[in-house]
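Below is one structure, written out as structure tokens, with a few remarks after it.
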Amino acid sequence: MSEGGPQELRQGFDTDGGSAYHCAPMLTSQLPSRVEPYKLAARHERLEGLVALDGLKRLAEEAGVQTGDCQVTLDFTIDAQGRHEIRGFLEAQLRLGCRRCLVPMAQAVTSEFLLGMVTDEALAGELPASHEPVLVKNEQLDLLTVVEDELILSLPQVVYHDEADCFVPAHQLVSKADDDGSAEAPAAADNPFAVLSALKGKK
Ligand SMILES: [Zn+2]
């Protein structure tokens, strides 16, 4: 399914310093949205392809509307214990708002993940902690949902421009951060324990 492109086309881009996981060829085909994962695992198949980011609505809610593609590699396999699993890797260039100035900045997001297939949510508890459960209904799995879930889990908590690139000038940061080099001075109210101890202190 994924074979067929001429070698010189697939290797035509200079991509040194890529992921340590594998040397990703330049992907050009879309990842299929619906697959039968138990069959793929039985055949130890690898699926590689792109997922268009602008179609991922939950991601847009979390991180703003995105463009471009996510590159995905999924290895379907059965491990020594007979578990049907998916070993995955994804990579995407997102645009996320800088925490200081709110202007979107490019942010590379990558994730390696290990999924254990279950046919019933009750069986998820039997998976070891190393495996995230993925529910397979009627032999079918929606890969776009899987990829979107992983992307959302992989989002950084906060991103900042480098000081020189930020639209909030550095001298403003210094005055705010009380000169300790950290722009993040969490307000006491953000910390439930601080609130708690403040309350205790009043008695
Ligand atoms: Zn900024």
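A count restricted to region 119-159 and to residues that are assigned to a loop (DSSP other than H, G, I, E, B), closer than 26 Å to Phe89 by Cβ, of a type outside the set (A, V, I, L, M) and out of contact with any helix residue (DSSP H, G or I) (no Cβ under 7 Å at 6 or more places or on another chain) stands at 6. When region 82-118 is filtered for residues that are under 17 Å from Asp149 (Cα atoms) and either assigned to a helix (DSSP H, G or I) or of a type in the set (Lys, Arg) (or both), only Arg87 remains. Applying a threshold of 7 Å to beta carbon distances and a minimum spacing of six or more residues, or different chains, the list of pairs starting in region 35-53 at a residue that is closer than 10 Å to Thr77 by Cβ and touching a residue at least 40 places away in the same chain (Cβ under 8 Å) and ending at one that is among the hydroxyl-bearing types (Ser, Thr, Tyr) and surrounded by fewer than 20 Cβ atoms within 10 Å (Cβ to Cβ) reads Ala41/Thr77. Listed conditions (1) at pLDDT below 95; (2) under 19 Å from the mean Cα position of the chain (by Cα) are all met by Ala124, apart from (2). Could you tell me whether region 72-84 includes any residue that is farther than 20 Å from Pro128 by Cα and acidic (Asp, Glu)? Scanning region 72-84 turns up no residue that is farther than 20 Å from Pro128 by Cα and acidic (Asp, Glu).
This table checks each residue for (1) surrounded by 16 or more Cβ atoms within 10 Å (Cβ to Cβ); (2) in the same structural domain as Val72 (by TED's automatic domain parsing); (3) within 16 Å of the ligand (Cβ to nearest atom); (4) modelled with pLDDT under 95.
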site	(1), (2), (3), (4)
Leu96	yes, yes, yes, no
Thr110	no, yes, no, no
Leu115	yes, yes, no, no
Asp120	no, yes, no, yes
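Quick check on Leu127: is it more than 21 Å from Gln30 (Cα to Cα) and either touching a residue at least 12 places away in the same chain (Cβ under 8 Å) or in the same structural domain as Lys39 (by TED's automatic domain parsing) (or both)? Spelling it out, Leu127 is indeed more than 21 Å from Gln30 (Cα to Cα) and either touching a residue at least 12 places away in the same chain (Cβ under 8 Å) or in the same structural domain as Lys39 (by TED's automatic domain parsing) (or both).
In region 135-165, the residue that is nearest to Glu112 (Cα to Cα) out of those that are within 16 Å of the ligand (Cβ to nearest atom) and touching a residue at least 24 places away in the same chain (Cβ under 8 Å) is Pro156. Residues that are assigned to a helix (DSSP H, G or I) and of a type in the set (Gly, Ala, Ser) within region 52-81 comprise Gly55, Ala60, Ala63, listed in sequence order.
The values are calculated or read from the model by the stated rules, or taken from the named source; none is laboratory data. Because the structure is a prediction, the values reported are computed rather than measured. Because the Cβ atoms are built from the backbone with ideal geometry, glycine has one as well, and the counts that use them run over all protein chains shown.
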